[in-house]
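The values are calculated or read from the model by the stated rules, or taken from the named source; none is laboratory data. Given the structure is predicted, the values throughout are model-derived calculations rather than measurements. Methodologically, a virtual Cβ is constructed for each residue, glycine included, from the backbone with ideal geometry; neighbour enumeration extends over all protein chains shown. Areas reflect the complete protein model, heavy atoms only, side chains present, ligands, DNA and RNA absent. Shrake-Rupley method; radii C 1.70, N 1.55, O 1.52, S 1.80 Å.
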Amino acid sequence: MYELSMAIGKSLNYNKNCDQFLKVFLSRKMLKAGWIVQLQNTNVRLRYAIPAPYKPKEEVTLAFIRDFLKENKPVCIPVDKQVSDICPVPVKGGFIVAFPMANRSVLIVHSPKKEPWKESELRQLEPVIRKFGVALLASSDFEEQKRLLKRLERNNKDLNDYAHVVSHDLKSPLRNIHSLVQWMQDDLENDQPQNAMAHMPHIYSSLQKMDGLIAGILRYSKLRETQENMSKVNLNELIDEVLALIQIPDSFEIKVNKLPEIRADKLRMSQLFQNLIDNAISAMQKTSGDLITIGATDLGNFYEFYIKDNGPGIAEAYQQKVFQVFQKLDADSTKSGIGLAIVSRIVEDHGGQLRLESQEGHGATFYFTHPK
């Protein structure tokens, strides 16, 4: 018991905290597997598992967890087919033991032994497990505080970006319109209506640029306000839906390798892939041989997705600029320069990271990670 107590709260990182305690717990009790689930409103979230989970999180049923929380004490039940089917890690025979913890969480371990745990053993372990649950609650609060601070930093940066757009980017088309209207007035006063009309396309172009910038600001600001609706997403089906919405030139080939199912906000993941594919198409030469490849690599605790093109590539000096809000590498006035900034924000909000690999003249590949 002393060794278990000493393994609690060694880190403020949730996963490291679990690693340190459960590895000692499983080893000393000769257990095969353990996992932690948390009841969140009407969903059950799998927070941690040894070994790594092989089933989707949705397979841990609400009723199963609520029964443990309702008891509010450790319980030991035999493993039958129903229990085995809903466990997120492989279990066969023996018993599972569930310990309710703070924050509507439950620690569940699998014992392969044929005999159930004694009540005395459960009572002896209960205070240690509850202490471990309090340490996990502190870890969760600390990580949530870090997320809030990071979000505050991003919001401050957003305010600076908005100020720049209003003070600089929006002023430029306004100045153009002001000058063009003055020239029109001069032409009309000099009885030259044809010259005055020649300025109209330039006025429309400036208005279009302003409209694109304003629309971009609104999309970007509302993105953070969107409440995430996390669910299981079949990315192969999602990519088919995205490609059906995009105008793909006849010269293009888009190759999609088999993609995994993930837990994510489907609408935002659709927006992410659409922006990355649109970005690749706009960068290509639109000649025979244009190829975009979409795929994923399993890296253990997370997937790494990639969208690769064989276009002109991006010079190293501009590779960080493309992720900045309202930045773009060409002078196309119809673009707001916000697509990759939105992609970056969606990836971060799902707990991943976005990066670019490119060499000028040899295409570009955007990578982003997503936790399992």
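Condition first: over 18 Å from A364 (Cα atoms), at pLDDT below 90 and over 16 Å from the mean Cα position of the chain (by Cα). Now tell me which residues in the stretch 258-287 satisfy that.
Once the filter is applied, which keeps residues that are over 18 Å from A364 (Cα atoms), at pLDDT below 90 and over 16 Å from the mean Cα position of the chain (by Cα), the stretch 258-287 yields nothing.
Please determine, by comparing only the residues of the stretch 236-257 that are of a type in the set (S, T, N, Q) and touching a strand residue (DSSP E or B) at 6+ places or on another chain (Cβ under 6 Å), which one is nearest to Y367 (Cα to Cα). Don't jump to the end; show me each part of the working.
At the first step, the residues of the stretch 236-257 found to be of a type in the set (S, T, N, Q) are 236, 247, 251, 257.
Now restrict to residues that are touching a strand residue (DSSP E or B) at 6+ places or on another chain (Cβ under 6 Å): 251, 257.
Working: S251: 24, N257: 15 Å.
Result: N257.
Are any of the residues in the stretch 109-116 open to solvent by less than 50 Å² (accessible area, probe 1.4 Å), among the hydrophobic types (A, V, I, L, M, F, W, C) and assigned to a strand (DSSP E or B)?
The initial filter retains those residues of the stretch 109-116 that are open to solvent by less than 50 Å² (accessible area, probe 1.4 Å), namely 109-111.
Applying the additional criterion that residues be among the hydrophobic types (A, V, I, L, M, F, W, C) yields 109.
Add one more test, that the residue is assigned to a strand (DSSP E or B), and what stays is 109.
Yes, there is a match, as at least one residue in the stretch 109-116 is open to solvent by less than 50 Å² (accessible area, probe 1.4 Å), among the hydrophobic types (A, V, I, L, M, F, W, C) and assigned to a strand (DSSP E or B).
Restricting to the stretch 303-317, and then to whatever is over 18 Å from R345 (Cα atoms) and at pLDDT 90 or above, can you tell me which residue is most open to solvent (accessible area, probe 1.4 Å)? Even if it seems obvious, please write down each step before you answer.
As a first pass, look at the stretch 303-317 and keep what is over 18 Å from R345 (Cα atoms): 308-317.
Then drop every residue that is not at pLDDT 90 or above, which leaves 308-309.
On the way: K308: 106, D309: 15 Å².
Here the residue is K308.
Picking from A331, A364, which residue would you name as being more than 18 Å from the chain's Cα centre (by Cα) and at pLDDT below 80? Steps first, please.
Values: A364 fails: at pLDDT below 80.
From the options A331, A364, the qualifying one is A331.
Could you please tell me which pairs satisfy a Cβ distance under 7 Å, a separation of 6+ or placement on different chains, a first residue in the stretch 14-32 that is more than 14 Å from F132 (Cβ to Cβ) and in contact (Cβ under 8 Å) with a residue 40 or more places away in the chain, and a second residue that is open to solvent by less than 50 Å² (accessible area, probe 1.4 Å) and among the polar types (S, T, N, Q)?
From residues that are more than 14 Å from F132 (Cβ to Cβ) and in contact (Cβ under 8 Å) with a residue 40 or more places away in the chain, the pairs are L31/S111.
Please state which one of L152, L137, L148 is of a type in the set (A, V, I, L, M), part of a helix (DSSP H, G or I), open to solvent by 40 Å² or more (accessible area, probe 1.4 Å) and at pLDDT below 80.
Of the residues listed, the single one that is of a type in the set (A, V, I, L, M), part of a helix (DSSP H, G or I), open to solvent by 40 Å² or more (accessible area, probe 1.4 Å) and at pLDDT below 80 is L152.
Sort out which residues of the stretch 15-42 are open to solvent by 70 Å² or more (accessible area, probe 1.4 Å) and hydroxyl-bearing (S, T, Y), and write them in order of number.
If the condition is that a residue be open to solvent by 70 Å² or more (accessible area, probe 1.4 Å) and hydroxyl-bearing (S, T, Y), then T42 is the only one that fits.
Restricting the search to the stretch 83-104, which residues are open to solvent by less than 10 Å² (accessible area, probe 1.4 Å) and under 28 Å from the mean Cα position of the chain (by Cα)?
C87, P88, V89
How many of the residues making up the stretch 276-302 are open to solvent by 30 Å² or more (accessible area, probe 1.4 Å), of a type outside the set (A, V, I, L, M, F, W, C) and under 17 Å from E357 (Cα atoms)? Let's see the steps before the verdict.
Initial filter on the stretch 276-302 (open to solvent by 30 Å² or more (accessible area, probe 1.4 Å)): 278-279, 282-283, 285-289, 291, 296-302.
This time we only want the ones that are of a type outside the set (A, V, I, L, M, F, W, C), so: 278-279, 282, 285-289, 297-298, 300-301.
If we keep only those that are under 17 Å from E357 (Cα atoms) as well, we get 279, 297.
Summing the residues that are open to solvent by 30 Å² or more (accessible area, probe 1.4 Å), of a type outside the set (A, V, I, L, M, F, W, C) and under 17 Å from E357 (Cα atoms) in the stretch 276-302 gives 2.
Looking at (1) outside any helix (DSSP H, G or I); (2) under 15 Å from the mean Cα position of the chain (by Cα), which one does E253 not meet, given that it meets all the others?
Here E253 clears every test but (2).
Which condition number in (1) under 20 Å from I314 (Cα atoms); (2) modelled with pLDDT under 85 is the one that L291 fails?
Only one criterion is unmet by L291, namely (2).
Quick one: count up the residues across the stretch 249-262 that are of a type outside the set (S, T, Y) and open to solvent by less than 60 Å² (accessible area, probe 1.4 Å). Quick ask: steps written out before the conclusion?
We begin by selecting, within the stretch 249-262, every residue of a type outside the set (S, T, Y); these are 249-250, 252-262.
The next check asks that each one be open to solvent by less than 60 Å² (accessible area, probe 1.4 Å); those that pass are 249, 252, 254, 256-257, 259-260, 262.
The number of residues fulfilling the criteria is 8.
Of all residues being within 20 Å of S231 (Cα to Cα) and part of a loop (DSSP other than H, G, I, E, B) in the stretch 53-80, which is modelled with the highest pLDDT? Just the residue, please.
P53
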